[in-house]
Ligand code: FES
Ligand code: FES
């Protein structure tokens, strides 16, 4: 079986792998690179458990080919924390009990981060629609939405204090 | 030491608080390992060939081409799974469900499996297996399956609980519950409402598909890593189906990505073990989402007739229910459970419920959160609302007037102890939600629900480290914060900080048997075992302190995490903390531990009442839930965040069931929507915040008063939403899910009827 | 003497009786005597049974004492989700 040779960046690290042309990015991440944080809930783009970003764009890793990430920047949940510092979203998810079984959590974190990167002060409705591509069967989404709101608030407060310090 | 399970109303320092869960960091960083996240050196990829027919005789399976394909290491059919069940019909059914034996019984039934060096090769191998089917007539509808001319699903089945007969039938069981004289009761009624209802089949819809990694060696020893609610049960079953020794099969439960009952049953794990045994290599087998829908147990579709009569002053005089539940292709007890739970919320003098368990050519039905209760509650609670309307009485008042209470003879037989249905109804009555104004096209509904809850065999180990921290191992799985709750309980008992406890889920080699984590038993029973294990450890801690002091252990008390010498004669002895005693333990007798092996019984029934506001678009029939409130009795909420989480999750699943979710079978008996695109579960933008109110009516049979909380929350939503839709759109919906086409049809029919009436 | 109420399909195994009278001090003794009187109950026991004593349901704890005059129901064993 002829493989495709791919050079890319995953969570800031240079990575090379060889995979069949038909292999999904999700299978590459999970089976070739040992990054099992992204989950397969459906394999058809319907659940968002496999959410990662490629060049900052939120994608379903199950719908993208491994071969497509040549020369691009891939971010997964494993790259979210800075050293031992959890990302505020990660901390807020824990503090707000926004996960029960946790299988959907990596996908939600990636999707929520993509939302806050683009819209730092979303309304409840905006949060709900931004996360509508991610399925959670355990929580009824209540505490997830609260965790995302709380993070947005926290980040904007941080930004104002930082801003005022500068001035 | 005898350990008392009686509720003691002790004052808590930690229980009831909301600390961060100990497995939180693992789960937000992607580090937690679920079923599909494990791998082993030399592992093969397993794949399963499934029947495309709803019902077919398997004349021949030719696997020779697949076996010859390079990279294929094992191919199995039912011939590789000899029947070792020794006349145990239940186990035989499980074996046959894992892989068809001569007949495919539903679309998606496994017929062969392969293990190959990679996924691509495994897929190619499946396409090289040729199966010669003779297609047989099939039946997928529960009412059709009960007709005398219906195709027979299981020729050996005769009706249990019915008239003795030698004729094959699809009615596997008839179960009757109740008391009093319903005929006489209806004769006394001023008003009677009688109505039929239907509900469609739904799936638990856990986001993590079934997955396992199996290793069996030629020495008969094996290991299974699997996403499951019951690794001990899986071990026992797999060992017996494959002829292995229980002690030689180690099963480890991975983190579990949702179960809701669906992971209490084995579906493909025995196949993974059989493949591994044949290939002599580890085999990883993961279901696709399509496989999950087609071949892992959904809940029953149902058809029901409900009849309730009452006096003009609102007292119910008689109630009957005939409940027809389909079990899929194998006999179950789902109709029986519907019959047991249907009227459990009410205090009835004359009541009868009859449950039919019916076989059809669909996947084997499995438990789904308070199994069978939501459908029966839909029928009963809708009828209750209809009756209240006939009486011109407030629906909550009507329920309060007839609610079961302590001393009521339950419709399923026994007499209730202290229970929470009345208090949940009172809370609903006084809830601001009940009195909030409604907008245009909006309606409000409420409904009640009941579930039993269970305990079961439980085993917990608690080991104290020399630094005074505590390592606890439990055998129930953590489906949503159990580690946090159990750590709180251990810390509470020992009098140490929550952070000093580490709770692990033990594999089958490290603990005695634990029953499956079902029936909302996790916190109830492992909580009880944890209390006992901690109290046993405290006895040991006291005796070590006594040794240190050279006094009698009887003279030592345990107060707030410290050993204290009793009496003025010992006033010179300062207290010894758990950490101090632990540090000295190497010289006072070695490691300090507490264990508990127990049967936790007496979980205590639980009740919930839900309020729901919906908005129905009369043009499209589409329905939005705009406000939702759950009121439920938890006995005692150990970690309220996760109790609320259970309430909210159950309500959301119920909302999906009520409005969208359904298995759609074609004329050919094949499932037409085996994916999340066409089987639509609620997404974030579909739902409002779900408000919760936790009531705490202590369970007298648990030291902390805990009842199960995980399941009851899915019972009321179907009915609550149906009642709300009816109040919003002026049509009574008798078919779940209330999808837009069904609601539109009902609105049109209602309008046509009004026209006729006004014209006539 | 306890009056043991039978529910659901358990009556089948007791020749249709809705209740049976048995003298027993524990669940274990009760179940043993039920099978002695009605051998077909053995099958039901195998399939799983629960005993309700004064409204509390016991599934496994066969050592549980049964008070005199207790209300006893034999129920099929029920699973959960
Ligand atoms: S696994 Fe990619 S969307 Fe579900
Ligand atoms: S927490 Fe289980 S699916 Fe979201």
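The values are calculated or read from the model by the stated rules, or taken from the named source; none is laboratory data. Computed from a predicted structure; not experimentally measured. Cβ atoms come from the backbone with ideal geometry, glycine included; neighbour counts cover every protein chain shown.
In segment A:102-118, is there at least one residue being more than 16 Å from ligand 1 (Cβ to nearest atom) and within 8 Å of chain B (Cβ to nearest Cβ)? Taking every residue of segment A:102-118 in turn, none turns out to be more than 16 Å from ligand 1 (Cβ to nearest atom) and within 8 Å of chain B (Cβ to nearest Cβ). Among the residues in segment B:161-178, are any part of a loop (DSSP other than H, G, I, E, B), modelled with pLDDT of 95 or more and within 14 Å of chain C (Cβ to nearest Cβ)? The answer is no, given that none of the residues of segment B:161-178 is part of a loop (DSSP other than H, G, I, E, B), modelled with pLDDT of 95 or more and within 14 Å of chain C (Cβ to nearest Cβ). The residues of segment B:447-461 that are surrounded by fewer than 24 Cβ atoms within 10 Å (Cβ to Cβ) and at the interface with another protein chain (Cβ under 7 Å from one of its Cβ atoms) amount to a single one, B:457. Filter segment B:107-139 down to the residues that are surrounded by fewer than 16 Cβ atoms within 10 Å (Cβ to Cβ) and touching a strand residue (DSSP E or B) at 6+ places or on another chain (Cβ under 7 Å), then identify the one that is nearest to the other protein chains (Cβ to nearest Cβ). By that ranking, first place goes to B:120. Whenever a residue of segment B:147-160 is more than 14 Å from chain C (Cβ to nearest Cβ), its partners that are outside any loop (DSSP other than H, G, I, E, B), lying with C-beta atoms within less than 8 angstrom and at least six residues away or across chains, give the pairs B:150/B:144; B:153/B:145; B:153/B:359; B:154/B:172; B:154/B:359.
What residue, among those in segment B:317-354 that are over 28 Å from the mean Cα position of the chain (by Cα) and surrounded by fewer than 24 Cβ atoms within 10 Å (Cβ to Cβ), is nearest to residue B:409 (Cα to Cα)?
Step one: of segment B:317-354, the residues over 28 Å from the mean Cα position of the chain (by Cα) are B:317-318, B:349-350.
If we keep only those that are surrounded by fewer than 24 Cβ atoms within 10 Å (Cβ to Cβ) as well, we get B:317, B:349-350.
On the way: B:317: 14, B:349: 8, B:350: 11 Å.
Among residues in segment B:317-354 that are over 28 Å from the mean Cα position of the chain (by Cα) and surrounded by fewer than 24 Cβ atoms within 10 Å (Cβ to Cβ), the one nearest to residue B:409 (Cα to Cα) is B:349.
Within segment B:517-529, the set of residues being modelled with pLDDT of 90 or more and in contact with a helix residue (DSSP H, G or I) (Cβ under 6 Å, 6 or more places away or on another chain) comprises B:526, B:527. Each residue in segment B:18-40 was checked for being touching a helix residue (DSSP H, G or I) at 6+ places or on another chain (Cβ under 7 Å) and part of a loop (DSSP other than H, G, I, E, B), and 8 pass. Of the residues in segment A:135-150, at least one is within 15 Å of the chain's Cα centre (by Cα), assigned to a loop (DSSP other than H, G, I, E, B) and within 14 Å of chain B (Cβ to nearest Cβ).
For segment A:86-97, state whether one or more residues are at the interface with chain B (Cβ under 9 Å from one of its Cβ atoms) and within 14 Å of ligand 1 (Cβ to nearest atom). I'd like the intermediate steps shown before the answer.
From segment A:86-97, those at the interface with chain B (Cβ under 9 Å from one of its Cβ atoms) are A:86-87, A:89-91, A:93-97; that's our starting set.
Within this subset, residues satisfying the condition of being within 14 Å of ligand 1 (Cβ to nearest atom) are none.
No, segment A:86-97 contains no residue that is at the interface with chain B (Cβ under 9 Å from one of its Cβ atoms) and within 14 Å of ligand 1 (Cβ to nearest atom).
In the set (1) surrounded by fewer than 20 Cβ atoms within 10 Å (Cβ to Cβ); (2) within 16 Å of ligand 1 (Cβ to nearest atom); (3) more than 10 Å from chain B (Cβ to nearest Cβ), the condition left unmet by residue A:72 is number (2).
This table checks each residue for (1) in contact with a helix residue (DSSP H, G or I) (Cβ under 8 Å, 6 or more places away or on another chain); (2) farther than 30 Å from residue B:500 by Cβ.
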{"site": "B:11", "(1), (2)": "no, no"}
{"site": "B:60", "(1), (2)": "no, yes"}
{"site": "B:69", "(1), (2)": "yes, yes"}
{"site": "B:81", "(1), (2)": "yes, yes"}
{"site": "B:86", "(1), (2)": "no, yes"}
{"site": "B:108", "(1), (2)": "yes, yes"}
{"site": "B:114", "(1), (2)": "yes, yes"}
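Considering only residues in segment A:104-145 that are without any contact (Cβ under 8 Å) to a residue 40 or more places away in the chain, under 18 Å from residue B:688 (Cβ atoms) and near ligand 2 (Cβ under 10 Å from one of its atoms), the one that is surrounded by the fewest Cβ atoms within 10 Å (Cβ to Cβ) turns out to be A:137. If you go through segment A:29-69 and keep only what is more than 7 Å from ligand 1 (Cβ to nearest atom), at the interface with chain B (Cβ under 8 Å from one of its Cβ atoms) and closer than 19 Å to residue A:115 by Cα, you end up with just A:38.
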